[in-house]
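Asker: I have a structure I would like to understand better, so I am pasting it below and will then ask my questions one at a time.
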Amino acid sequence: MYIFVTNLYVSAVILALSTVIEAARPKFRDDYRYEKAFDAFYKLHTEPFDWYQARIRCESEGSQLLVPISLDEADSIPLLIAPILTRFEGVFVGVHDLYSERSFVTIEGSSLQDTILDLLWELQQPLHSGGRCVAMRRNGRLFVHPCNQHLPFACKLPASKVKYFKECDTYDSRWTLGPNETCYITHIEPQTWFEGYSTCLGAGGHLTILNSKEEAQYIQDAFKQVDQHMFPGDFAFLGFSDLFQRYHYRTVLGESLDDTRVSWDFKCPGNFTKFDERCGGFRRSGLLSTTNCKLPCMFFCEKPANGSFKIRTRQGAVRHRLQPLSNN
């Protein structure tokens, strides 16, 4: 009886603490952890990418590559990145000298010189022959690393920048409500099909799949609104390919492509296409087509207006129970 009552008491305490933590945490994506001491959200991406893709992936989630703004924050970050540092040298952060060699700046263009960040360099760093991008070790010290060599990375978003958009149940202002209770993003900055797939996934959606003539017309109209001076191409990626087998077109959700709602370009699919044109998309004319998956193009993402394809927001999601980075 005593053990039973004790267990009930412990369970009640845990539930009460969870409720307090829930109430104190501002609402944002559930895959980010909130640190009250710094009033910011953080996420460690354990899958390694080059610095350029790391930047894109953070942006797709509405955040940026991590840049500490105080020594206290820098001292706390190693607790976030510790789990992956047995396999990697460190994690990419939002610092580089790509604009001018030896002039290191943050992702927002602020110079490191004469700031607290300049105090975080590892001994004998920065090695100017070591690379043009910056990473952080377990001890919180910065070192230069080749931008095209893969590392895990950390993203950050100050809580003050979080804004909720009810229409698409999202914290990302780029989503726009379209037909069939679906929201869309038009990405005019070109990426490969594979990169576009990851970008959409990071934003809580997937590459657009045309499921109705109304949806196809909406995407065609959105494509026409893109200034041809900004993106002169005639093609945008959608969520289908024949990567499994030639001419066996499947959507990113594994379904057969229903081409009864949208017509193909007269050259596709058929012997007029080149062998490496395996990824599908849409022309400004409103016709389906294919192109090389590795050719950077604009692309469209979609997600349900209520919730997301993969990542659920705090509203209705499982409570966040990660341990804090610091004693808040």
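Asker: Quick check on my filter: what residues within the range 111-122 are part of a loop (DSSP other than H, G, I, E, B) and touching a residue at least 24 places away in the same chain (Cβ under 8 Å)?
Answerer: Leu120
Asker: Name the single residue that is surrounded by the most Cβ atoms within 10 Å (Cβ to Cβ) among those in the range 199-217 being outside any helix (DSSP H, G or I), among the small types (Gly, Ala, Ser) and more than 10 Å from the chain's Cα centre (by Cα).
Answerer: This residue is Gly205.
The rows are residues; the columns are (1) surrounded by 22 or more Cβ atoms within 10 Å (Cβ to Cβ); (2) β-branched (Val, Ile, Thr); (3) part of a loop (DSSP other than H, G, I, E, B).
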| site | (1), (2), (3) |
| --- | --- |
| Gln124 | no, no, yes |
| Gly130 | no, no, yes |
| Ala135 | yes, no, no |
| Gly140 | no, no, yes |
| Val144 | yes, yes, no |
| Asn148 | no, no, yes |
| Phe153 | yes, no, no |
| Lys156 | yes, no, no |
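Asker: When you scan the range 32-63, how many residues do you find that are assigned to a loop (DSSP other than H, G, I, E, B) and surrounded by fewer than 19 Cβ atoms within 10 Å (Cβ to Cβ)?
Answerer: Qualifying residue count for the region: 4.
Asker: Let me ask another. Tell me whether the range 171-179 contains one or more residues that are part of a helix (DSSP H, G or I) and not assigned by TED's automatic domain parsing to the domain that holds Asp30.
Answerer: no
Asker: Hey, Pro68 hits all of (1) part of a helix (DSSP H, G or I); (2) farther than 24 Å from Ser198 by Cβ but one; which does it fall short on?
Answerer: Of (1) part of a helix (DSSP H, G or I); (2) farther than 24 Å from Ser198 by Cβ, only one is false for Pro68: (1).
Let's see how each residue does on (1) in contact with an Asp or Glu (Cβ under 8 Å, 6 or more places away or on another chain); (2) of a type in the set (A, V, I, L, M):
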site	(1), (2)
Leu142	yes, yes
Pro146	no, no
Ala154	no, yes
Glu189	no, no
Trp193	no, no
His229	no, no
Ser241	no, no
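Asker: OK, next. Need the failing condition index for Arg283 against (1) crowded, with 20+ Cβ neighbours inside 10 Å; (2) at pLDDT 90 or above, just the number.
Answerer: Just one mismatch for Arg283, condition (1).
Asker: Report, by residue number, each residue of the range 288-304 that is surrounded by 15 or more Cβ atoms within 10 Å (Cβ to Cβ) and either closer than 12 Å to Gln191 by Cα or out of contact with any strand residue (DSSP E or B) (no Cβ under 8 Å at 6 or more places or on another chain) (or both).
Answerer: Residues satisfying the conditions are Asn292, Cys293, Leu295, Pro296, Cys297, Met298, Phe299, Phe300.
Asker: Which of the residues belonging to the range 218-244 are surrounded by fewer than 18 Cβ atoms within 10 Å (Cβ to Cβ) and not in a helix (DSSP H, G or I)?
Answerer: Listed by number, the residues that qualify are Gln225, Val226, Asp227, Gln228, His229, Met230, Pro232, Gly233, Asp234, Leu243, Phe244.
Asker: If I ask for residues that are among the acidic types (Asp, Glu) and without any contact (Cβ under 8 Å) to a residue 40 or more places away in the chain, which ones from the range 216-244 would you list? Spell out the reasoning first.
Answerer: Pass one, the range 216-244, residues among the acidic types (Asp, Glu): 221, 227, 234, 242.
Listed by number, the residues that qualify are Asp221, Asp227.
Asker: Tell me, which residue of the range 92-102 that is part of a loop (DSSP other than H, G, I, E, B) and modelled with pLDDT of 90 or more is surrounded by the most Cβ atoms within 10 Å (Cβ to Cβ)?
Answerer: Selected residue: Asp97.
The values are calculated or read from the model by the stated rules, or taken from the named source; none is laboratory data. From a predicted model like this one, the values you see are computed outputs, not experimental measurements. Ideal geometry is used to build each Cβ from the backbone, glycine not excepted, and the neighbour counts take in all protein chains shown.
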